[in-house]
Amino acid sequence: MGKSRLTHLGKSVVSAGDRAQYDTTVKEILADKQILAWILKWTTMEFSDMGIDEIVAYIENPFVSEIPVFPGLTNEAIEGMSTESKINNEETATYDVRFYVKNPKSDGKRALRIIIDLEAQKAPNPGYDIVTRGIFYCGRMLSDQEGRNFDGKDYDRLEKVYSIWILFNCPEKNANTTSVYRLEQKMIHGVADLDTRYDMMQVVEVRLPSEENAANCKNVATKFHGMLYDLFVRKEDKDKKLERLRRDYGLKTVDLERRINDMCNLSDVVWEKGMEEGREEGREEGRNNAIYSLVEKGLLDLKVGANELKVSVDEFEADMVANGFKLPQKA
């Protein structure tokens, strides 16, 4: 049984502390300015025709932390504005990475900046449509601007918002795709010459496969999907990963090296501790339930789960339900 496959099992039973540390490291890598530039180029209209180095310059410095997250690290990571949004009588929404960029398409009417929310989602089917959560986040980022960017009257001062979601472990039929959801004008009757500023929010989903599904994806990966896959999904030695990122994508890995090293090491720790706990438990039932839980949460594909237990997909689904687990939503 391959180690890369068992990695998913290990992650499901590891302690919350190691899991949280691993997730934090992934978010810190996403906050690297050159990674953000890649994401902006491939997911936003404003930066699609610009080079990576050129885009980096548009990520505003006042919201970049000059103090490294890890000792000895020279990289500028996005500190940005607060990652919490609080509205009276409503719950707090927490963003993974949120930051400003200067708007390269700004004119006399458009705002000078754009607000970006970047989310890393390891479960592509959490029981609701991710896009609805993205729309909710966009709504929060727009309403948060009252009293800060405008006083409730001059709505043209509103800054456009993006909520960009990197979805991991997507099924092979959906992986290596990108979708955008946005406001568009449609005339119901007649013809009018309008200059209306309505393009104020967009939700983008970038879907990546698991390592088990990568070879069977229906869609061909773009260079952007390939970069994110090689950076976060492909399980390999740190030095090989760094060399691949330099060679294939031109990334300046000196600043990324410490975080990638921590991510790779934490991935191994998570896997080893998960396997150790599974061995100590010594019960097939515990291992099966861990796999059922992964599939239920959308972290493991049904086919992979069935292969792990050496049963057909139909048998696997029946066993899941019989053991009190819910089948994942059909993508």
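The values are calculated or read from the model by the stated rules, or taken from the named source; none is laboratory data. None of the values given here were measured: they were computed from a predicted structure. Because the Cβ atoms are built from the backbone with ideal geometry, glycine has one as well, and the counts that use them run over all protein chains shown. Please note that ligands, DNA and RNA were not included when accessible areas were found on the heavy atoms of the full protein model with its side chains. Shrake-Rupley method; radii C 1.70, N 1.55, O 1.52, S 1.80 Å.
Odds and ends about this structure:
- For the range 95-202, carbon and sulfur atoms together expose 50% of the accessible surface, with a 1.4 angstrom probe and every protein chain in place.
- Using bins of 10 Å that start at zero, the share of Cα-Cα pairs per bin across the range 115-203 amounts to 14, 38, 28, 17, 4, in whole %.
- Think of each Lys and Arg Cβ as +1 and each Asp and Glu Cβ as -1; about the Cα centre, that makes the dipole of the range 135-199 roughly 240 debye.
- Each peptide in 142-149, 179-186, 316-323 gets a packing score, the mean of other Cβ atoms within 10 Å over its residues, and the list from highest to lowest is 316-323, 142-149, 179-186.
- Using a cut-off of 32 Å between Cα atoms, the listed pairs Lys41/Lys240; Lys173/Lys240; Lys41/Lys241 include none that exceed that distance.
- Sequence of Thr178, Thr43 when ordered by accessible area, the most exposed leading, probe 1.4 angstrom: Thr178, Thr43
- The range 186-221 and the range 37-61 have Cα centres lying 18 Å from one another.
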